[in-house]
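The values are calculated or read from the model by the stated rules, or taken from the named source; none is laboratory data. The structure displayed is predicted, hence computed values, not measured ones. We place every Cβ from the backbone using ideal geometry, glycine too, and count neighbours over all the protein chains shown.
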Amino acid sequence: MNLSLSQLPQVMDLVAVLLLSLGIKGLSKVRSARAANGLAALAMALAVVGLLIQSHPTTTTWLWIAVGLALGGLAGVVTAMKVPMTAMPETVALFNGCGGLASLMVALGVALFQGAESGGVERVSIAISLFVGAITFSGSIVAMAKLQGWLETPAWTQSSLRHAVNLALALLCLGAALLLWSEPAGPALWLEVVAASLLGIGVTLPIGGADMPVVISLLNSYSGVAAAAAGFVVGSQLLIVAGAMVGAAGLILTQVMCTAMNRSLTSVLFGGALGGATTSVGGGGSEAGYTRITSCSPEECAMALEQAERVVFVPGYGLAVAQAQHSLRELAKLLEAHGVEVSYAIHPVAGRMPGHMNVLLAEADVPYEQLIEMETINPEFPRTDVVIVLGANDVVNPQAKNDPTSPLYGMPVLEVDQARQIFVVKRSLGAGYAGIANALFELPQTAMVFGDAKAVLNGLLSELRGMGVGKEKALV
Amino acid sequence: MTSLTQSLWVLLLGSLLGFELIGKVPPTLHTPLMSGANAISGITMLASLTLIQQAGGNTPLQIIGALSLGFALFNVIGGFLVTDRMLAMFRRKGNS
């Protein structure tokens, strides 16, 4: 076994696999994450160069590669640079869907034009690749549309009839796959693609918005599986390793997220939306459900803040929607200059994606040490003077602890009801994403400040400045 | 058949590696990790490249290959850039 220059591509593949594993590992630690991302990107580039060296492309091949590169590369760069941080979950879902579509198209291409001479292994791989690729694609697009608010959860998807429909679609996929075994380029090909796409929609559509992070993570795992299957189709072991790694790592991440929400994967996938259908219209928690609401003006809230020694902010999706992270940071700075101890309580699934709030607050330069995780901050709430909830709802619902009949019961929540005073900044009394009324709003120590998070925070800022808060530091 | 068993070994070991690579992930990194792993799943671009190669003079197949390469590259390039954008915001301030 002499090592010669002709083996360079194989060596490059090995190095690429090593770098990819180091990349995934490094991405799970704050200190190394950014370098690890670069490492993974380098690994991918290495794999491509290795493949190109190995295969001596002709001029026409180069031409078609250039077409693909121009289309996808340009769209990728523009999307990545333009998309606002608040739309991150949908963006990941979109990217993921396109990855699945790519695997699907490879299998389709091979089946249509080389299907006749394919062997058994290829035929099975083609069926798997079509199936997983189509589910990943249609499921990701539905997830994206739901996060964007283009799609709601239709009531009919909550009936148990959907299980029958999905089962029928799954059986149809299986049947089409069996037909593909004997005739790889026949009409069964299209049946497989259509049935699997419909199955992807049928499975994703009934899942409520609160569970969407788990779905995206799971679909991400699927796209790894689709890539591995495409690896079997074209006979690339590098593709198989990388796909398998992403598939497995994605499953672990999905599990981590389920644990954070105290939900099992099966209840997310088959249990339907929390709190019933059409969550955004109100579900079980319309305005009529509340009887003891106190509301107050930003002025009163500012007075409470001025007196406080310890303030905790609880950010949620409302903060992201209002793009209020910079106003929040400014308010926090002002309070700190006034001698107030400020921190931020981060629920693992606040927002539409785990870590969503960390990303958002980091954009506004909030110091990393002030972001406190749920387990650490919960014991601190009893000695907190003022809690300000900014567009968060289900993650602060005390019913998750005390009401066994609540659909949220058992989910770990931020125990803000232990604090002395609570202000909830919210646009209206509509239910949360999960469609459940929140007992926190009716507590005697809670006051609602109605309005857009950014407008309210700016109002608080001007009130506090009007009171002279933040100026006394200059005298000391 | 040896190549099939070999590929299945590769599949098995790759999966085991993936299961072991990430254990505890701080919630801060859930989104970037998901996004980074998602970019890696665009590795299917290697299959698209192979497809374009094998197409020879078959234009429809070349078009399918180029389109799938485009989608895969959209996933890869967009994914890594967006992950980098997120992680750039975690630059450490002050001590340590």
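Assuming A:Cys173 fulfils every condition listed in (1) within 30 Å of B:His30 (Cβ to Cβ); (2) at pLDDT 85 or above; (3) not acidic (Asp, Glu) apart from one, which condition is it?
(1) is the only condition that A:Cys173 fails.
Going through A:Val124, A:Val106 one at a time, which residue ends up being closer than 19 Å to A:Ala244 by Cα, surrounded by 22 or more Cβ atoms within 10 Å (Cβ to Cβ) and not basic (Lys, Arg)?
A:Val106
Out of all the residues in the range A:39-70, which are more than 7 Å from chain B (Cβ to nearest Cβ), without any contact (Cβ under 8 Å) to a residue 40 or more places away in the chain and of a type in the set (Gly, Ala, Ser)?
A:Ala43, A:Ala45, A:Ala66, A:Ala70
Any residue that is at the interface with chain A (Cβ under 7 Å from one of its Cβ atoms), β-branched (Val, Ile, Thr) and not in a loop (DSSP other than H, G, I, E, B) - is there at least one of those in the range B:17-24?
So far as the range B:17-24 goes, no, none of its residues is at the interface with chain A (Cβ under 7 Å from one of its Cβ atoms), β-branched (Val, Ile, Thr) and not in a loop (DSSP other than H, G, I, E, B).
Specify the residue that is farthest from A:Ala102 (Cα to Cα); the eligible residues are those in the range A:30-66 that are more than 31 Å from the chain's Cα centre (by Cα) and crowded, with 18+ Cβ neighbours inside 10 Å.
A:Gly50
So is A:Ser221 under 30 Å from B:Pro27 (Cβ atoms) and modelled with pLDDT of 90 or more or not?
yes
State the number of residues belonging to the range A:356-383 that are under 19 Å from the mean Cα position of the chain (by Cα), surrounded by fewer than 19 Cβ atoms within 10 Å (Cβ to Cβ) and more than 7 Å from chain B (Cβ to nearest Cβ).
Here the count works out to 0.
Restricting attention to the range A:225-252, which residues are outside any helix (DSSP H, G or I) and either facing chain B (nearest Cβ under 7 Å) or more than 18 Å from A:Val11 (Cα to Cα) (or both)?
If the condition is that a residue be outside any helix (DSSP H, G or I) and either facing chain B (nearest Cβ under 7 Å) or more than 18 Å from A:Val11 (Cα to Cα) (or both), then A:Ser236 is the only one that fits.
Mind checking which helices (runs of 4 or more DSSP H) fall wholly inside the range A:305-395 and carry at least 1 residues that are farther than 28 Å from A:Leu147 by Cβ and β-branched (Val, Ile, Thr)?
Filter on the range A:305-395 gives A:374-377.
Starting from the range A:196-224, take each residue that is closer than 20 Å to A:Phe131 by Cα and within 14 Å of chain B (Cβ to nearest Cβ) and list its partners that are surrounded by 24 or more Cβ atoms within 10 Å (Cβ to Cβ) and hydroxyl-bearing (Ser, Thr, Tyr), counting only C-beta distances under 6 angstrom and pairs at least six apart or across chains.
Close Cβ pairs satisfying both conditions: A:Leu219/A:Thr136; A:Leu219/A:Ser140; A:Tyr222/A:Thr136; A:Ser223/A:Thr136; A:Ser223/B:Ser41; A:Gly224/B:Ser41.
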